Amino acid sequence: MKKLTGTFRNTQWDPYLLVAQIVAMQALLYVSLGTIMYVMDFFAEANHTLDHIFEYHEIHVTDLGGRLVIVAFILNSLVGAGLLWFVVRRTKLCLDFSFTFHFTHLVICWWYNEAFPSTIGWWMLNAVCAALMCVCSEFLCLKTELKEIPVGYTALNNKVDL
């Protein structure tokens, strides 16, 4: 008698897949953030610069431009949740990928500004965006993982002798 040894999901660690997913998520999230920021800058009639993405002093509520930057980051978190669901598709990895993106963003902002981000608004926005991306992507991935697996009735109709 043949023993069944298959598993539902391959749990073997694949560093190439992991690195490819990290690079893909970073690139897709910055492309989506840049696109959203471009649209927001168009409505605010502002100049299109990288400062809106990486300059931590741009995050404020004192004018329309600063509020639109905040809205763009929040919308990007929701887009990021969908991208995590599409690219990674694992509930257990959503926190890791959300943290990886926001940690990398911290490092890039630190390098871009030549100073460590020191405004409370920047830290609050990134904490909210990381949590939002993580929770929404976990919801999407969990919903997909918990779908019923369809079982065909053809196997039950055919009598199999063991």
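The values are calculated or read from the model by the stated rules, or taken from the named source; none is laboratory data. Source: prediction; values computed, not measured. Backbone-built Cβ (ideal geometry, glycine too); neighbour counts: all protein chains shown. Note: accessible area is taken over every heavy atom of the protein model, side chains too, but ligands, DNA and RNA are not part of it. Shrake-Rupley method; radii C 1.70, N 1.55, O 1.52, S 1.80 Å.
Laid out as a table, the results:
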item: In segment 85-107, residue farthest from the chain's Cα centre (by Cα) [restricted to those that are more than 17 Å from Leu140 (Cα to Cα) and touching a residue at least 12 places away in the same chain (Cβ under 8 Å)]; result: Leu106
item: Test: Cys141 is open to solvent by less than 10 Å² (accessible area, probe 1.4 Å) and hydrophobic (A, V, I, L, M, F, W, C); result: yes
item: Search result, residues across segment 98-132 that are within 17 Å of Val69 (Cα to Cα), open to solvent by less than 40 Å² (accessible area, probe 1.4 Å) and of a type in the set (A, V, I, L, M, F, W, C); result: Leu106, Cys109, Trp122, Leu125, Cys129, Ala130
